[in-house]
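Presented below is the structure to which this report refers.
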Amino acid sequence: MEYNPREIEAKWQSFWKRTEMFKVTIDPEKPKFYVLDMFPYPSGAGLHVGHPLGYIASDIYARYKKLLGYNVLHPMGYDSFGLPAEQYAVQTGQHPAITTQENIERYREQLDKLGFNYDWSREIRTSSPKYYRWTQWIFMQLFNSWYNPITNRAEPIDELILHFSQEGFDRSTNSVLHGGVETIPASFTSAEWLSFDKKRQSEILMNFRLAYLGESYVNWCSALGTVLANDEVVNGTSERGGHPVERKLLKQWNLRITAYGQRLLEGLDSLDWSESIKETQRYWIGRSEGASIYFPLENGQGSIEVFTTRPDTLFGVSFVTLAPEHELVAQLTTPENKATVEAYVQLSKNRSERERLADVNTVSGVFTGSYAWHPFSQEKIPIWIGDYVLVSYGTGAVMAVPAHDERDFKFATFFSLPIKPVIQPNKEHDFNHNAWELKEGKVINSLFLDGLEVQEAIGKILNEMEDKAYGVKKLNFRLRDAVFGRQRYWGEPIPVFFEDGVPYLIREDQLPLELPVVESYLPTEDGAPPLGRAKNWVYENGSDYEQSTMPGWAGSSWYFLRYLDPNNLTNLASKEAVDYWGNVDLYMGGAEHATGHLLYARFWCKFLFDIGIVPFEEPFKKMINQGMILGRSNFVYRILGSSTFVSGELKDAHNTNPIHVDISLVNNDRLNLEGFKAWRPEFRDAEFILGDSGEYLCGVEIEKMSKSKHNVQTPDELIERYGADTLRMYEMFLGPVEQSKPWDIKGITGVYGFLKKYWKLFHQGGNFEVTEIAPKREHLKTLHKTIKKIREDLDRFSFNTGVSSFMICVNELSESQCNHREILEPLTVLLSPYAPHITEEIWDQLGHVSGSLYNTPFPEYNAEYLIESSFDYPISFNGRMRFKITLPLDLGAKDVEAAVLAHGEYVKWTEGKNPKKIIVVPGKIVNVVL
RNA sequence: GCGGAUGUGGUGAAAUUGGUAGACACGCUAGACUUAGGAUCUAGUGCCGUGAGGUGUGCGGGUUCGAGUCCCUCCAUCCGCACCA
């Protein structure tokens with residue numbers, strides 16, 4: 001009986017489906033384990049071999065945990081709102097839901113063939129109204145909440161409204177707002193609050209709601225007709241499509257993620273994630289402690305607020321710089337400077353982000369003509385404008401201290417402004433060339449700060465400043481509030497309608513607010529989003545709905561919760577389900593979502609925690625980031641101006657042009673000549689100059705997998721040829737999951753051979769046969785050594801070394817022709833997480849007719865079988881291994897040493913010298929020091 | 001520029017606590033078998049050397065009886081961020 005993966009795999013896949021083998025329910029008797037894969041966007045291209053890498057690893061782990069007795073939740077779904085389906089809709093008029101449905105079916109087919117243990121009864125799709133009803137519901141909760149800085153959590157906005165109507169609002173004691181986009185409302189009394197009209201009240205509340213409508217600079221991509229998140233912009237162009245992106249002031253829905261800055265930062269410490277992702281998030285959140293300091297304007301009309309982390313250098317200020325977009329620019333520009341300033345502001349506005357990034361070293365700026373007073377020294381400080389100051393960070397204004405800040409230094413040098421050192425460097429330093437940026441040295445030229453060390457000076461000036469009300473200590477975050485709307489069709493409608501320009505939530509019983517039918521997916525003539533085309537799409541009272549939709553990351557920010565209870569009609573998930581399954585124990589996915597999805601999901605989880613929906617603050621306890629599988633491209637070399645192709649090793653002797661050749665026409669870098677000629681009409685008459693071997697050797701390069709490079713390998717063709725078990729094991733065998741690696745088909749035969757060898761253990765005479773006779777000790781040793789290794793490897797997610805161990809085990813058993821049931825049966829269970837189909841078939845043949853080995857306990861190893869009585873001591877001289885002696889393990893160090901001295905080879909290596917020392921590490925090594 | 005990661009045979013890699021470097025697999029070489037297959041089996045395969053032996057984990061240094069592993073300096077590659085006051 002031959003190993004026939006095609007037959008076996010189809011048989012067991014249908015068996016699992018029929019018996020609902022992977023369906024899980026709450027079982028308080030068992031401990032739970034939640035394994036989650038980042039769900040895919042179902043693209044039209046389908047899966048290539050790189051995609052399942054993480055799914056295979058998590059599947060193996062999930063199966064392992066299941067066999068260990070855990071109740072394992074391992075669901076899958078689709079992040080099915082997204083731009084490609086919509087772009088296709090724009091081009092063809094086909095509804096994105098249809099495209100999406102087709103792509104999902106193709107994905108499902110491919111996933112099913114890999115033998116995953118997903119509980120498909122829990123499948124979710126973010127674009128399904130049954131699902132996005134709850135995405136909309138969460139938005140409504142965000143709209144109805146504000147962040148209370150005293151209790152440090154989200155609270156109902158109604159409580160804040162009540163507070164306003166009883167106490168009013170005092171701006172000076174406000175420390176509510178964290179972000180940079182909002183403006184803090186002016187103070188008002190309770191009576192004033194009650195007298196404000198709805199519009200005014202709504203506008204004030206927008207400064208507090210966690211989901212709010214606010215005017216902010218956004219990344220506007222006119223080619224895509226939408227706003228992009230920071231992480232969707234790459235070098236000033238859109239991540240998808242590479243279209244130019246400009247900064248534009250727009251009224252947008254935003255989420256106040258900045259309110260959670262501190263908690264998002266602190267939460268990282270408790271997570272078992274890669275250091276690299278945690279660092280990226282820390283940097284992205286960008287917490288910095290400092291002070292807001294007010295510089296009164298010379299004209300007496302208020303003051304400029306600057307943010308600084310170096311208040312100790314306050315006496316070194318020689319000018320103040322405003323961002324070109326700063327609100328005071330117009331007011332501060334004197335008539336004689338008006339033309340220059342306006343020209344400069346206009347220029348910086350039109351400069352794309354990309355341009356501004358490109359020339360970091362170019363200094364530009366203009367003087368406004370106005371001055372401010374230094375709060376302590378009462379000096380007159382000129383006010384400049386410079387585009388090195390960003391309006392979105394801090395207060396959009398800096399106090400420039402050229403002696404101690406490199407950018408200020410460049411600016412001052414360029415415009416010949418004074419450079420005044422106030423910290424005495426503790427090393428040699430030349431203030432003519434550089435700023436002294438280190439927080440080291442003694443303060444000088446600074447009145448009451450003189451003589452203090454930097455840290456002491458910071459403490460003192462902060463206290464002094466707050467006493468005199470010249471400024472306040474301030475925590476600042478680089479993190480920006482998240483834009484939560486895009487001018488697109490294929491997304492969740494925002495459950496809001498407008499009445500007299502005031503936004504209101506729709507009633508909860510009106511959820512889901514479904515996407516309306518439109519006849520075209522383009523923006524309307526007057527620039528409104530596609531939803532503006534919907535006919536009669538109004539709320540029950542006749543009011544217009546919000547026309548923008550939610551961004552791509554909305555649905556993925558909470559999907560892990562819906563899997564817990566996917567069909568619940570009255571709640572996002574039942575309390576019972578949330579309490580039992582809890583958060584994700586193992587999250588498998590790409591590292592590219594470091595600052596997008598992974599930050600937003602943490603934010604939503606903390607919010608849902610605050611409002612009592614979930615009992616945990618972090619969604620994903622442990623995360624593993626699978627590496628990318630790169631393509632291995634093959635090249636042929638055409639001699640210029642001819643149709644002659646020269647073999648790779650000879651290409652340098654000719655003037656050639658490399659051409660990507662489809663990897664299916666290449667075997668072990670040797671080109672299939674006939675196949676190549678038939679590949680494309682233009683190559684029909686190709687001629688070849690072959691190498692010495694008589695074959696055509698192709699060139700090789702490692703690149704991303706893509707259609708245009710003809711290096712895409714789909715799982716389907718490999719499963720067809722070798723089976724899913726082989727593919728699963730081979731992907732693991734390639735190397736550590738976290739590492740990126742090139743895909744190379746050629747090693748797959750090794751793994752295929754292994755499975756055949758394993759199969760052969762049971763079919764040595766051609767037919768299935770195992771013996772009930774008790775196995776030899778060496779067999780038991782092989783088995784138990786393997787059990788131990790496999791468990792250890794799985795526990796540390798070292799899937800590649802696990803495959804090697806199986807190979808070693810099967811090699812050893814084959815060599816001694818072992819076919820003892822007592823050995824092969826546990827081995828089969830041990831192997832089943834990696835190769836679920838073949839092991840299920842063997843298990844069946846072993847006589848377990850009714851059941852599946854999916855319900856069998858994982859083998860335990862017995863240390864007794866691993867005990868050795870002797871050991872091959874490596875004998876090294878000065879750390880270099882020379883020979884070995886087999887000695888009993890219970891031999892004492894003295895006796896080991898004696899045995900070494902007595903050994904025939906000993907004299908040869910000592911060269912007659914007396915050893916200085918002999919180190920004996922029992923059971924490990926002997927080292928003779930000469 | 002800042003942050004993170006990675007450098008081991010022709011290739012993918014292993015070496016978990018400092019203790020025999022290169023397990024396992026591909027490829028390659030030689031051979032066997034044959035129902036001529038994308039099959040199976042045997043032997044060999046880091047590099048230099050006929051050999052004894054020498055040498056070897058990106059470079060250079062250090063700690064140690066002993067370093068791929070620990071410390072310092074540098075180099076290369078990949079990823080992320082980028083005027084953050």
Column: log10 I(q)/I(0), Debye, Cα scatterers of segment A:243-337, q = 0.14, 0.25 Å⁻¹: -0.89, -1.26
Base-10 log of normalised Debye intensity for segment A:844-930 (one unit scatterer per alpha-carbon) at q = 0.13 Å⁻¹: -0.52
Students often check this: by mean Cβ neighbours within 10 Å, which of A:832-840, A:83-91 ranks highest, and how do the rest follow? A:832-840, A:83-91
A:Ile506 long-range amide H proximity, modeled H, under 5 Å: A:Val496, A:Phe497
Please give the per residue accessible area of chain A, computed with a probe of 1.4 Å over protein heavy atoms only, in Å². 45
With θ set to phi - 60°, apply the Karplus curve 6.51 cos²θ - 1.76 cosθ + 1.60 along segment A:119-132 and write out the HN-Hα couplings as whole Hz, x wherever there is a Gly or Pro. 8, 6, 5, 9, 3, 10, 9, 5, 8, 7, x, 4, 7, 6
Please work out the Cα convex hull volume for segment A:1-114 and give it in Å³ per residue. 148
Within a Cβ distance under 12 Å of A:Tyr865, other residues only, what is the Lys/Arg minus Asp/Glu net charge? 0
Return the Cα extents of segment A:457-535 along principal axes one, two and three, sorted largest first, each rounded to a whole Å. 66, 29, 23
Taking only DSSP H segments of four or more residues, each worth -39500 (n - 2.57), what value at 222 nm results for chain A once the sum is divided by all its residues, to the nearest 500 deg cm²/dmol? -9500 deg cm²/dmol
Beyond 18 Å, how much of the Cα-Cα pair distribution for segment A:437-495 remains, as a whole percent? 60
Write down the Kirkwood hydrodynamic radius of segment A:498-652, to one decimal in angstroms, obtained as one divided by the mean of 1/r over all alpha carbon pairs. 20.8
Take every Cα-Cα distance within segment A:377-488, group them into 5 Å bins from 0 onward, and report for each bin the whole-number percent of pairs it holds. 2, 9, 15, 18, 21, 17, 8, 3, 3, 2, 1, 0, 0
Taking amide H atoms as placed 1.01 Å from N in the peptide plane, list the residues 5 or more away in sequence, or in a different chain, whose amide H sits under 5 Å from that of A:Trp743. A:Leu630, A:Gly631, A:Arg632
Sulfur and carbon atoms: percent of accessible area, segment A:485-631 [1.4 Å]: 49
Grab the Cα-Cα distance for A:Lys884 and A:Asp669, subtract it from 0.36 nm times how many residues apart they are, and report the gain in nm with one decimal. 73.2 nm
Loop-resident sites, segment A:399-486, for trypsin sites (Lys or Arg not before Pro), counting at most 13 other Cβ within 10 Å (DSSP): A:Lys427, A:Lys468
I need two numbers for segment A:53-105: Rg to one decimal and Dmax as a whole number, Cα atoms only, in Å. 17.2, 51
Roughly how compact is segment A:743-873, stated as its Cα Rg over 2.2 N^0.38 Å to two decimals? 1.06
Take the alpha-carbon centre of segment A:40-95, take the same for segment A:869-915, and report the distance between them in whole Å. 58
Sorted by packing (mean other beta-carbon atoms within 10 Å per residue), highest first, where do A:734-742, A:597-605 land? A:597-605, A:734-742
Carbon plus sulfur, as percent of the 1.4 Å-probe accessible area of segment A:1-132, comes to 50
Over all alpha-carbon pairs in segment A:593-705, figure out the percentage whose distance exceeds 25 Å. 47
From the gyration tensor of the Cα coordinates in segment A:487-590, what semi-axes in whole Å does the equivalent ellipsoid have, largest first, with each one equal to sqrt(5λ)? 32, 18, 11
Along each principal axis of its Cα atoms, how long is segment A:731-793 end to end? Whole angstroms, biggest number first, please. 46, 30, 13
FRET efficiency (A:Lys916, A:Asp872; Cβ distance; R0 22 Å; to 0.05) is 0.30
Rh_Kirkwood(segment A:550-600) over Cα pairs, Å, one decimal, evaluates to 12.3
Which order do peptides A:768-777, A:905-914, A:215-224, A:257-266 fall in by mean Cβ count within 10 Å, highest first? A:257-266, A:215-224, A:768-777, A:905-914
Counting just the Cα atoms, what span does chain A cover along each of its three principal axes? Round to the nearest Å and put the largest first. 100, 85, 74
In order through segment A:581-589: 3J(HN,Hα) via Karplus (6.51 cos²θ - 1.76 cosθ + 1.60), integer Hz, x for Gly, Pro: 6, x, 8, 7, 7, 9, 10, 10, x
Roughly what angle does helix A:836-845 make with the longest principal axis of chain A, taking Cα atoms, 0 to 90 degrees, to the nearest 10? 30
Could you bin all the Cα-Cα distances of segment A:632-768 into 5 Å bins starting at 0 and give me the percent of pairs in each, rounded to whole numbers? 2, 9, 16, 17, 17, 12, 10, 8, 5, 2, 1, 0, 0
Please state, as a whole number in µm²/s, the translational diffusion coefficient that the Stokes-Einstein equation yields for segment A:63-170 at 37 °C and 0.692 mPa s, with Rh defined as the Kirkwood radius across alpha carbon pairs. 180
Pairs from A:Lys66/A:Lys756; A:Lys349/A:Lys460; A:Lys757/A:Lys785 whose Cα-Cα separation, in the structure shown, is over 29 Å: A:Lys349/A:Lys460
Dividing the convex hull volume of the alpha carbon atoms of segment A:394-455 by its residue count, what do you get in Å³ per residue? 102
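The values are calculated or read from the model by the stated rules, or taken from the named source; none is laboratory data. From a predicted model like this one, the values you see are computed outputs, not experimental measurements. Virtual Cβ from ideal backbone geometry, glycine too; neighbours counted across all protein chains shown. Ligands, DNA and RNA are excluded from the accessible area calculation, which covers all protein heavy atoms including side chains. Shrake-Rupley method; radii C 1.70, N 1.55, O 1.52, S 1.80 Å.
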